[in-house]
Amino acid sequence: MRKNMGILVRTLVLLFGLSLLFMVVGGIISVLTGISLSVTLTVAFLIALLMNFFSFWFSDRWVLRLYRVKIVSEKEQPSLHSIVSRLAEKAGIPKPKVGIAPLSTPNAFATGRSPRHAAVVVTEGALKLFSEEELEGVLGHELAHIRNRDMLIGTMAAMLAAAISYLALLGRYQLMFSSRERREGNSLLYLLVLIFVPLAALLIRLAVSRTREYGADEEGSRISGKPLALANALAKLERCVSEVPMQDGNPATSHLFIVNPFRGVGLLELLSTHPPTYKRIERLKALRLESQ
């Protein structure tokens, strides 16, 4: 009961925070373009309501479609289904749908609004890279997210944060078509649209997702019983992503993946949606030693 209340509170805080950002962007667009404040705020409010509704009910479908995920049957992927079935039974949750994303970059993620409406996804690159034990460790991590309902918050945050960025981009294009005097007189607000509003959306995603990775590593290791296999998989993922970051997809979804597949420099790296991978590996090795 307490866990469900915590999930509800986190969901409401996320929706309120990102809805407030929509209103802020609407106000800034009004100043930049000269459109009536009441009009831009009304439009922003309506968009926020629609986004909140669609993000709750359809954000998982958006993510699956974004990465062209194919839901596979047990006949198509018997080994993968066997691992997921075994882990789901250990986790005490319904078996999620199993999907494969046609991406060469190795990674994995879970999505869905509840354990009964969940999907666990691995990329084609992950199937080629991991041993069966490593794949089991990775899937244990994702099923921990499903059991804790982290993917509801994470998937909604991904869709809403992406929408915030698109709305800020709209403000940029509107500014381009405004008069020269208006552009020069509102340069500070222009910077707010381009930088601070998307950054605020990113910070909300960080608060939602970053601390949950350690918990999913630990709980996932208990589900799979293979903390060292997960540590080895994380090390492989870190090397692959560092050498060849993902080019397709949307960076707003980075926190859904077990390791951030989009790599930036400077501020972007500082504001990574995941804890440092080496720290996660150290904690998993310590967990392995404790279990011996």
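The values are calculated or read from the model by the stated rules, or taken from the named source; none is laboratory data. Because the structure is a prediction, the values reported are computed rather than measured. Reconstructed Cβ throughout: ideal geometry from the backbone, glycine too, with neighbour counts over all protein chains shown.
I'd like to check which helices (runs of 4 or more DSSP H) are fully inside the range 33-146 and have at least 1 residues that are surrounded by fewer than 17 Cβ atoms within 10 Å (Cβ to Cβ), among the acidic types (Asp, Glu) and out of contact with any Pro (no Cβ under 7 Å at 6 or more places or on another chain). It would help to see each step written out before you state the result.
Details: elements: 37-66, 78-91, 124-129.
In the range 33-146, 78-91 are the helices (runs of 4 or more DSSP H) which contain 1 or more residues that are surrounded by fewer than 17 Cβ atoms within 10 Å (Cβ to Cβ), among the acidic types (Asp, Glu) and out of contact with any Pro (no Cβ under 7 Å at 6 or more places or on another chain).
The set of residues from the range 87-103 being of a type outside the set (A, V, I, L, M) and free of Cβ contacts under 8 Å to residues at least 40 places away in the same chain comprises Glu89, Pro94, Lys95, Lys97, Gly99, Pro102. Looking at Ala231, is it out of contact with any Gly (no Cβ under 7 Å at 6 or more places or on another chain), crowded, with 20+ Cβ neighbours inside 10 Å, over 23 Å from Arg149 (Cβ atoms) and at pLDDT 90 or above? Yes; evaluated as a whole, the condition is true for this residue.
Among the residues of the range 194-206, is any assigned to a loop (DSSP other than H, G, I, E, B), more than 25 Å from Tyr278 (Cα to Cα), modelled with pLDDT under 65 and of a type outside the set (Phe, Trp, Tyr)? So far as the range 194-206 goes, no, none of its residues is assigned to a loop (DSSP other than H, G, I, E, B), more than 25 Å from Tyr278 (Cα to Cα), modelled with pLDDT under 65 and of a type outside the set (Phe, Trp, Tyr).
Within the range 35-58, being within 21 Å of the chain's Cα centre (by Cα) and at pLDDT 80 or above holds for Leu50, Phe53, Trp57, Phe58.
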